[in-house]
Amino acid sequence: MHLDNPQQLIDWHDKIIAKQKKIKKKILVCCGPGCLANGAQDIIDKFKTVLKEKKISGFTVEALKETGCHGFCEQGPLVVMEPKGLYYTKVKVKDVEDIIEQSIKNDKIIDRLLYNDPQTDKKIERYQDIKFYSHQKKVVLNNLGNINQCNIEDYIANDGYQALSKVITSMSPQKVIDTITKSGLRGRGGAGFPTGRKWATCRKVESDTHYVICNGDEGDPGAFMDRALMEGDPFSVLEGMTIAAFAVGAKQGYIYVREEYPLAVVNLQKAIEIANEKGLLGDNILGTDFSFNIKISRGAGAFVCGESSALMKSVAGEVGEPRAKYVRSVVKGLYDRPTVLNNVETFANVPIIIRKGASWYQKIGTPKNSGTKAFSLVGKVRNTGLIEVAMGTTLREIIYDIGGGIIDDRPFKAVQTGGPSGGCLPASKLDLPVDFDSLNEAGSMMGSGGMIVMDDLTCMVDVAKYFLGFLVNESCGKCVPCREGLYQLHALTVKVSEGKAEEADLEKMEKLSEMVIIGSLCGLGKSGPNPLLSTIKYFRDEYMAHIRDKRCPAGVCRALITYKITDACTGCMACIAPCPTNAITGKKNEMHVIDQELCTKCGACFAVCRYDAILVS
Amino acid sequence: MKHNLDKLSAIFNRYPQNRESLIAVLQDIQKEYHYLPEEALQATAKTLDVPLSKVFSVATFYNAFSHYPRGEKIIRICVGTTCHIRGAHLVQEQLENRLNIKAGSTTKDLKYTLETVNCVGACSQAPVVIVNNKYYGHVKVSDAKKLLRSK
Amino acid sequence: MVNLTINGRIVQAKEGEMLLTVLRREKIDVPALCHHEAVEPFGACRLCTVEITKEDWNGYSNYVTSCLYPVEEGLIVSTHSPKVNELRKTILDLFLARHPNSPEIRQLAADYGVFKTSYETVVDGNNCILCAICTRICDTMGFHAISTVGRGHGKEVAPPLHQVPPDCVGCLACALNCPTHYIEYTFDNNYLTIWDKKFELMVCSRCGKKTITKEFAEYLSKHRDIPFSYFEICDECHRKELAATMGQITSWEREA
Amino acid sequence: MNYRFIVRPNLCTGCRTCELACSFTHSIDNIRGITRIYPLDGGFKDLWVPVTCLQCEDPACIKSCLVDALRLNPETGAIELNQDICVHCMACVAACPFGCSIFDKQHDIIVKCDLCGGDPACAHFCPTKALEWKPIEVKKKKVAI
């Protein structure tokens, strides 16, 4: 069915609602990246075959939903049963028959699949009651755990495309921009530039054509919010882009997706085809004379293509080298035409703001940072997953209330935000409200939303070395401060980690960092030294321990540590086989010994020892 | 190495034959042959009317493209931040030692290719290793042998 | 026309002009290694960075590469402020770590007081500073014979597939405009070799002087509508020919 | 006022003052440039022909320049070579059918007659008026020889 006017969309919406009301019970299987990696696809397949074999009255395959990321990846694969919100964690294929037999047919709860609250040691039935969920504010991720990934009917049933219809029928482009401006929405890609202002500038530039580009090149390692959105709720991204196109007067849009996300490409492509078919994208949208087409452009593995000018070059089929942006890309972007480029989460926010109004949105968060922000909460935190909180929520709330604290109750050491452009914040900053400005001030940045929690076993020198190494690999190599400067900074961190550095090197790193920041051409170089500078700022002692005492307090930097077996060793022989260099010798029930000459400090023995008998010093 | 280049025309036909299609075409070639054969690069340059030097420049700029035939089993170690702090580099080293190659290369018998990848977005399972598109989460150093044997 | 202040002096410039063009015209010495007027400004070496501010910026200043920065009314530019000099020193220091044997780099670094790099010398560093002047000129001339290959620290300039470049005509522009004279070429009898490609040279049919490569002449003749016969004799013999022709005409005039 | 560069071979005595004037005028850093004008043997007794750029209407040099370094100066009628743009590929030297794009070994650059920006030194110094820079009435006509 092709929708030829807005009324048909309303009719269709009502029809879908009526149809869905008939479905009493639903099984939602999370197919987010985490759960898929844990085998969610097998579970789906199993559900399908079992449901085919056993006919259950009032329950068909239609009630089985393959949803986007539900959030709590640590506990995946997740299966949720509506309407009650019954929540099963770590589900395996062999549990499927049980779930159907007991929970679907007989409304019984399977105890062993319930979430166990580690603090109270009690089983929790509904996910809404789990702290991980109850402290969140889901706005943009709301659809993710609830609807079928590429099902337009599900999307429309959840008020999808109402915003577009409203925009087309009753709003002028200027009014759309005013609404977005008033909402205070700032770019979710990292820098936090006001979205409304960006659109307004772009609209004003006279040109034969304008472009809208969605930046789905989520390159920050440790971030997967955009992936979850593109895979789990692709229509919201398309709708947001279409509204942006209406506002700035664009006819062609691109979604740039990184190649590490093949499923995102598949789902977006599917969604584009469906939207085209329904008349919600393409020529004469909803029967009006507004036309907008979207093309997917696949990235090919280059972090620098997250930078807007590099991304536009990549879209044009060129090498992704950034250009100087003294003339901004809203004025001269893709093919030298005015171009609006926003990230996935920003676009996904747009339909919600239009639908619920700017003042509603503005009330969420803090005055200068309205709305919510999605984060991927990962690292040494107990509850890893995809979360969404109101702007201004403190790091402590996120890490301790939602994240459940540090794994094994180890001490919190730092949280890394903003990926390779951001920084590491120490415990003293735990009460910092998370928003664009506060994070910038503290020497980090929002970035696209990766939040990596680190404990005392994480070495800050190693973290800085890791990020610089990452950037050395990812630098496009065009400008000298970034290409050579980051290379030398990395070499210096290596020197520190090997205990070969002097105190003067620390100052040298700070000075060179400043020059790299001033001198680099694009954001990659300009923010590249942040992880280094922030760790030197907040963890200077740790650097000094490496430099002065030739010691790695976290026990990570290999040149400075030794593995020793203590008397706690029971002689279980578990560590002997994993040792790749046969450095461990010992007989059963006798204490083992590590030959320091042969030991490569790979940590294999440490990982397998059940008696904490291996000491890192 | 000689290749059956018949599949190329099908790939070219999927896209408009212009510069904008270059990266998509190269990706499809990579998918088909698991690397970019020289002849394919030459054919791409000709078909899309893009200078060969530009094709080569693009093909070497992006990480997704390889220029040598890859192994039967492609092992990709995620080295994203989360995987790193949870010990991915140790796993990488294990695999490198066992296969006696560095990440980014292929064993001489064309059995294994070892690669690193910057975050696959499965951070909750860190460290993650992907063997021929199958994800293995919470990998330990001692799992290296198992990974090599896995299908 | 826009008015700007450069190092305390008021200077006029045309709208749309780049700052570096104005600096060069005003004979203000700002180093630049990746700049060539034949190609679009690139902004890779960052040596031409200057400090800019405006009266209403409340003391805030910014650092921009002058080669890419269009002049603006009221711009206040300082080309050798302490920070700018420090940046140039750092860049040259970094260059020196990678290209310790390049006389051009050593000279420029010495001008800024850097005689020895303070960083670790890069193993197997060569003299290519990746300014991409060669590839950009090659593109502008329409050959696209060479390009940058790879990325980041391992980036290099190379012909496609690291093989003999099919589109190279041996015009030598890449080598002749390389700021560090890194690109090698050899003349051997009637041949020129560059990028491992051997070119036959045109030889003047009258005096035997060697001129451009045959492939270059063929290219110009084919794409630029110049009769190939023009390339068959050298400039000197062309002049002699012209003298002879005009001599002939003048002698007729004399007779008449 | 329009000017034309007039060459009259039958007045030329081969004194080569023009060469000197040209060479000095085009000095760079006090080092003389190569001359852009050559009084050459005309093939007859006492006949010298001062050969220099004819500033052609359909110039091979401009056609051969792939970086657009050669442009017509509409004020003087001279085809000027912008040294900043020139990439020294020698195309114009090879292409000029009159051999009037010249390689200056001294300065490692390519040079050609630029009519001294509107006051050619050679004509200025020519003792016999074999070379003249003359105001002429506007007629659509090639540069007279």
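Read-outs: derived from the displayed coordinates by stated rules, not from any lab. Predicted model only: the values in this text are computed from it and were never measured. Glycine also receives a Cβ, built like all others from the backbone with ideal geometry; neighbour counts cover every protein chain displayed.
Points worth noting:
- Unit charges on C-beta of K, R, D, E only; dipole of region C:133-239, Debye: 100
- Lys/Arg +1, Asp/Glu -1 at C-beta; region C:92-203 dipole; positive extreme among C:V157, C:Y185, C:C171: C:V157
- Working note: Karplus 6.51/-1.76/1.60 with θ = phi - 60° gives region B:103-108 the couplings 4, x, 9, 10, 5, 4 Hz, where Gly and Pro are set to x.
- By the beta-carbon count within 10 Å of each Cβ, the least crowded to most crowded order of C:F228, A:F539, B:F61, fewest first, is C:F228, A:F539, B:F61.
- Helical mean residue ellipticity (222 nm; -39500 (n - 2.57) per DSSP H run of 4+; nearest 500) of chain A: -10500 deg cm²/dmol
- Partner lysines for A:K587 [C-alpha distance under 21 Å; skip if fewer than 8 residues away on the same chain]: A:K564
- Calculated FRET efficiency for the pair B:R14/A:K123, C-beta based, R₀ 56 Å, to 0.05: 0.60
- Distance-filtered residues of region A:549-589 - backbone nitrogen under 15 Å, label point 7 angstrom along A:D456 Cα→Cβ: A:552-556
- Annotation: lysines with alpha-carbon distance below 16 angstrom to A:K413 (same-chain offsets under eight excluded): A:K380, A:K429, A:K537.
- Taking Cβ atoms as reference points and 13 Å as the exclusive limit, the residues near C:M1 contribute a net charge of -3, counting Lys and Arg as +1 and Asp and Glu as -1.
- Cα gyration tensor shape for region B:6-61, rounded if a/c is under 1.5, else prolate or oblate: rounded
- Spacing of the two label points (7 Å from each Cα toward its C-beta) at D:T128 and A:N293, in nm: 7.3
- The fewest-to-most ranking of C:C178, D:C126 by surrounding Cβ atoms within 10 Å reads C:C178, D:C126.
- Neighbourhood net charge (12 Å Cβ-Cβ; Lys/Arg +1, Asp/Glu -1) for A:G447: -2
- Cα-based shape type of region A:269-379, given that a ≥ b ≥ c are square roots of the gyration tensor eigenvalues and the cut on a/c is 1.5: oblate
- Spin-label model distance (nm) - A:T570 vs A:K22, 7 Å beyond Cα toward Cβ: 6.1
- By the helix-only formula, in which each DSSP H run with n ≥ 4 contributes -39500 (n - 2.57) and the sum is divided by residues, chain B has a 222 nm mean residue ellipticity of -12000 deg cm²/dmol.
- Applying the criteria of a DSSP loop state and at most 16 other Cβ atoms within 10 Å to the trypsin sites (Lys or Arg not before Pro) of region A:64-110 yields A:K84, A:K90, A:K92, A:K108.
- Evaluating 6.51 cos²θ - 1.76 cosθ + 1.60 at θ = phi - 60° for every residue in region B:69-86, the Karplus couplings come out as x, 9, x, 5, 10, 9, 9, 10, 9, 6, 10, x, 4, 5, 5, 5, 6, 9 Hz, glycine and proline recorded as x.
- Taking amide H atoms as placed 1.01 Å from N in the peptide plane, the amide H of D:D104 lies under 5 Å from those of D:I109, D:I110, D:V111, each 5 or more residues away in sequence or on another chain.
- Between the residues C:S205, C:L130, B:S21, the greatest Cα displacement towards the positive end of the dipole of the protein assembly as shown, with unit charges on the Cβ of Lys, Arg, Asp and Glu, is found for B:S21.
- Global geometry of chain A, whether rounded, prolate or oblate, following the gyration tensor of its Cα atoms and the 1.5 cut on a/c: oblate
- Among A:V378, A:V463, the order by Cβ neighbours within 10 angstrom, fewest to most, reads A:V463, A:V378.
- Positive-end residue of B:A59, B:I75, B:L90, charge dipole of chain B with Cβ unit charges: B:L90
- Residues A:T581 and A:R610, FRET efficiency given R0 of 35 Å [Cβ-Cβ distance, rounded to 0.05]: 0.95
- For region A:599-614 versus region C:45-79, the inter-centroid distance based on Cα atoms is 56 Å.
- Distance from region A:189-220 to region A:268-287 (C-alpha centre basis), Å: 22
- In this structure, the amide hydrogen of A:L86, modeled 1.01 Å from its nitrogen in the peptide plane, lies closer than 5 angstrom to those of A:M81, counting only residues at least 5 positions away or on a different chain.
- Lysine pair count for region D:2-135 with Cα-Cα distance under 24 Å and sequence separation of 8 or more or different chains is 5.
- With R₀ set to 56 Å, the beta-carbon distance separating B:D6 from C:K210 gives a calculated FRET efficiency near 0.75.
- 3J(HN,Hα) from dihedral phi, region A:282-289, Karplus parametrisation 6.51/-1.76/1.60, rounded to Hz, x for glycine, proline: x, 7, 6, 5, 6, x, 8, 8
- Pairs of lysine residues in chain B - Cα separation under 14 Å, sequence separation of 8 or more or cross-chain: 11
- Taking Cβ atoms as reference points and 14 Å as the exclusive limit, the residues near C:R254 contribute a net charge of -1, counting Lys and Arg as +1 and Asp and Glu as -1.
- Scanning residues 5 or more positions from A:T393 or on other chains, those with amide H under 5 Å from its amide H are A:V434, with H placed 1.01 Å from N in the peptide plane.
- Spin-label pair C:Y185-A:S207: with each label point 7 Å from Cα along the Cα-Cβ axis, the two points sit 3.9 nm from one another.
- The charge dipole of region A:562-617, taken about the Cα centre with unit charges on the Cβ atoms of Lys, Arg (+1) and Asp, Glu (-1), comes to about 120 debye, rounded to the nearest 20.
- Taking 17 Å as the straight-line reach from the Cα of C:K155, the aspartates and glutamates in range (excluding those fewer than 8 positions away in the same chain) are A:E318, A:E321, A:E474, A:E484, C:D124.
- Rounded to the nearest 20, the Cβ-based charge dipole of the protein assembly as shown about its Cα centre (Lys and Arg +1, Asp and Glu -1) stands at 1920 debye.
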